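A short worksheet on the structure shown next.
No value in this document is a laboratory result; all are computed from the given coordinates. Quantities reported herein were computed from a predicted structural model and do not represent experimental measurements. In this analysis, Cβ positions are derived from the backbone assuming ideal geometry, glycine residues included, and neighbour counts consider all displayed protein chains.
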Amino acid sequence: MCDVDSGGIFLFQGSAMILPPGDSEDHFRGFGRELLEASFADARADLDIFEIPALNSPAAILAASIPVSQPLPSGWQAVPVRQVLSAVCGEKTRYSGSGLSGCILRAYHVAQWRRDSRFCGCCGGKNTDAPDEFARLCPVCGRREYPRISPAVITIIINDRDEALLAHNKKFSQGMYSLIAGFNEAGESLEDTVAREILEEVGIEVRDIRYITSQPWPFPNSLMLGFTCRHAGLSIRPDGIEIEDARWFNRDNLPPLPGYGSVSRYLIELWRKGDL
Ligand SMILES: [Zn+2]
């Protein structure tokens, strides 16, 4: 992962990537640490700058975060990380962990984890960075904490007419449809999660559940596991809680879809090409 020399530091604030003045896409690869420190000199105490070991590479990723309450200097802008991901991935690529998108997602995941692991979850002591591995260490009780990764599944359901089930979640922007997704529960296999979430959210039964691909999805800390399956029985019945509407779509009448760079879009494109 991360065989890209990002060329600079990634800065995050809440769910956004923070970019210096100028063309935002120029800064998706990071910008100079000196510029960061000079621009946020007054907020130095709140600036968390950290190095993340790159995977399968001796290089490190340099990143930083600032609290959401910190005003930005004039001309700086906040771009949602999801939007950055779509822009970096472009229209033709699936997610690649070895590229810039992998660096950004790893840095963003770790930035959130550092913010949420300042204190020991066992005794409340103030965590430090462990000297011997990539972990937080409680100097009081010795507990170590590693970046938390929460598995979640996302599934494209196909019926006997080769149509795909797409659903509108209340959280989606108006008119956008995507796939059924949900978190794996303690003690549950991933295949069981697929079947349970689909039955809960759209009321249908499925068969032939098959794993396709995975993608880090640090919004805030998921690993998204992409599946496909076939419709086995019952009619669509949206739960009305998360899912407002769900329908079978053929390739000629697709609604607005999630952005490129997401596993949902990747699965939809696979079906569109007839590869599922
Ligand atoms: Zn502790």
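Brief remarks on what is shown
- Residues of the stretch 137-154 that turn out to be in contact with a Leu (Cβ under 6 Å, 6 or more places away or on another chain) and assigned to a strand (DSSP E or B), as a count: 4
- Selection of the stretch 102-137 for residues being of a type in the set (S, T, N, Q) and within 13 Å of the ligand (Cβ to nearest atom) yields Ser117, Asn127, Thr128.
- Each residue in the stretch 187-214 was checked for being under 16 Å from Ala164 (Cα atoms) and outside any helix (DSSP H, G or I), and 9 of them qualify.
- Among (1) hydrophobic (A, V, I, L, M, F, W, C); (2) surrounded by fewer than 19 Cβ atoms within 10 Å (Cβ to Cβ); (3) not in a loop (DSSP other than H, G, I, E, B), the one test that Phe134 misses: (3)
- Scanning the stretch 60-70 for residues that are surrounded by 14 or more Cβ atoms within 10 Å (Cβ to Cβ) and more than 20 Å from the chain's Cα centre (by Cα) yields one hit, Gln70.
- Note on the stretch 138-158: residues that are more than 9 Å from the ligand (Cβ to nearest atom) and touching a strand residue (DSSP E or B) at 6+ places or on another chain (Cβ under 7 Å) total 12.
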